[in-house]
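To start, the structure itself, in structure tokens.
The values are calculated or read from the model by the stated rules, or taken from the named source; none is laboratory data. Just so it is clear, the structure is predicted and the values come from calculations on it, not from any experiment. Neighbour counts are summed over all protein chains in view; Cβ atoms, including those assigned to glycine, are modelled from backbone coordinates with ideal geometry.
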Amino acid sequence: MKTIERYVFGSFLSSFLLAFLVLSFVLTIGLMVQIVGFILDGVSASLIGRFALVSFPETMQWTMPLALLVSSVLVFSRMSADSEIAAMRACGINLLTVMRWPIAFSFVCVVLGLFINNEVVPRGHEVRRGLKNMVSVGTAIDLLEPGHIIDDFPKMKLYFGAKEGNWLHDIVVMDYSQKVDRMITASKALVTSDGKDIKLDLYQMTVDPLDADHPTMARASRFPYVVTNAIKEVKYSKKDKDLDFGDILAKIALQKKLVAAAQGKSKVKGSEKNYRKRDLSKTKTELSKRFVFAMASFCFVLVGVPLGIKAQRRESSIGMAISLAVALGYYLVVILMLSAQKNFAIHPEMLIWLPVPACFALAGYLIPKNL
């Protein structure tokens with residue numbers, strides 16, 4: 001690596017790392033708010049750590065390409081404004097020479113992005129949804145809000161005036177689980193969970209009536225009350241975004257067979273044929289999205305460098321505006337095709353690739369003008 005190439009790549013790499021850290025922080029604000037909520041709810045540190053660990057890689061499919069675009073525009077716009085690009089041209093150094101190592105680094109990011117999008121993020125989706133379910137089961141007390149009648153539990157309604165940690169105060173329970181309807185009151189109760197059940201350890205309680213055989217009011221200083229099956233654990237079936245590369249290819253192969261079988265049978269209704277095609281289109285679009293997201297790293301460097309050279313004055317503001325416009329156009333097409341992924345007639349799995357040749361065409365126009 002020559003001195004000039006080392007200088008350019010060093011500036012590019014340092015800008016990339018800074019942009020990556022800033023963008024990662026911005027895109028994980030929502031995640032951090034969620035984690036803070038879990039901490040305040042008393043969720044265990046191990047669950048919170050696992051939740052954060054599987055959630056962060058998903059942001060990298062956005063932050064890596066955007067950081068490459070921002071660093072490309074800012075570094076080369078600064079060099080252009082400081083006349084360093086002009087000095088390189090005077091010494092016979094063209095744009096392709098100084099672009100060599102940033103482009104090579106973008107290829108590394110493409111490979112890393114493919115691995116993240118096809119292996120890490122899908123597993124993270126599934127693990128994170130499972131952890132959310134575990135969190136909801138482990139913090140059943142959070143389902144209870146003071147000052148409202150809660151009728152989400154089977155065969156009962158619950159009201160309480162205040163809550164302090166796992167303690168509820170001024171409790172009224174309408175119990176419909178017996179042969180007769182009962183009203184239970186208590187001054188306070190300790191709430192715990194046992195599997196899918198919620199346990200209320202009632203203090204200074206009254207029940208009216210006691211039961212069908214004793215239609216009178218009864219009192220007790222302490223009484224355990226169990227709400228069975230109050231917490232219903234949701235079981236998720238794997239979606240396309242939860243499948244790794246091998247699984248999604250296997251699903252596409254199976255769907256193609258189902259589509260061919262449906263088309264070969266005259267007795268199969270047209271609605272079922274369309275359903276098979278929509279399902280195939282959706283899965284293929286998900287796979288294409290992963291490759292397009294990874295290719296953004298290469299496309300953004302290829303376009304960002306010559307665009308940055310053209311932004312000679314006020315490089316920071318112009319560079320950020322250019323970065324925003326390029327990224328917005330790129331991801332807007334991807335989002336539009338994802339929203340139309342069930343419309344198999346327009347082949348969204350192919351149209352989602354449009355930003356990639358568009359970036360190649362723009363780079364093919366800009367780079368020769370800056371050699």
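The residues in the range 97-130 that are polar (S, T, N, Q) and under 14 Å from Y7 (Cβ atoms) can be counted, and the count is 1. Applying the condition of being aliphatic (A, V, I, L, M) and outside any strand (DSSP E or B) to the range 197-220 and asking which residue is surrounded by the most Cβ atoms within 10 Å (Cβ to Cβ) yields L210. Within the range 144-191, the set of residues being hydroxyl-bearing (S, T, Y) and either crowded, with 17+ Cβ neighbours inside 10 Å or within 15 Å of Q204 (Cβ to Cβ) (or both) comprises Y159, T185, S187.
Counting only residues that are over 20 Å from K2 (Cα atoms) and not hydroxyl-bearing (S, T, Y), the range 43-96 holds 28 of them. Scanning the range 22-31 for any residue that is in the same structural domain as F300 (by TED's automatic domain parsing), under 30 Å from T192 (Cβ atoms) and either not aliphatic (A, V, I, L, M) or not in a loop (DSSP other than H, G, I, E, B) (or both) turns up at least one such residue. Only residues that are among the basic types (K, R) and within 30 Å of E272 (Cβ to Cβ) were counted across the range 341-371, and they come to 1. Take the residues of the range 340-361 that are farther than 23 Å from F300 by Cβ and without any contact (Cβ under 8 Å) to a residue 12 or more places away in the chain: which is surrounded by the most Cβ atoms within 10 Å (Cβ to Cβ)? Applying the filter and picking the extreme gives A340.
Checking the conditions here, which among S14, S46, S55 is at pLDDT below 80, hydroxyl-bearing (S, T, Y), assigned by TED's automatic domain parsing to the domain that holds L324 and surrounded by fewer than 17 Cβ atoms within 10 Å (Cβ to Cβ)?
The unique qualifying residue is S46.
Which residues, taken from the range 345-366, are in contact with a Leu (Cβ under 7 Å, 6 or more places away or on another chain) and either modelled with pLDDT under 85 or acidic (D, E) (or both)? Within the range 345-366, just L366 meets the criteria.
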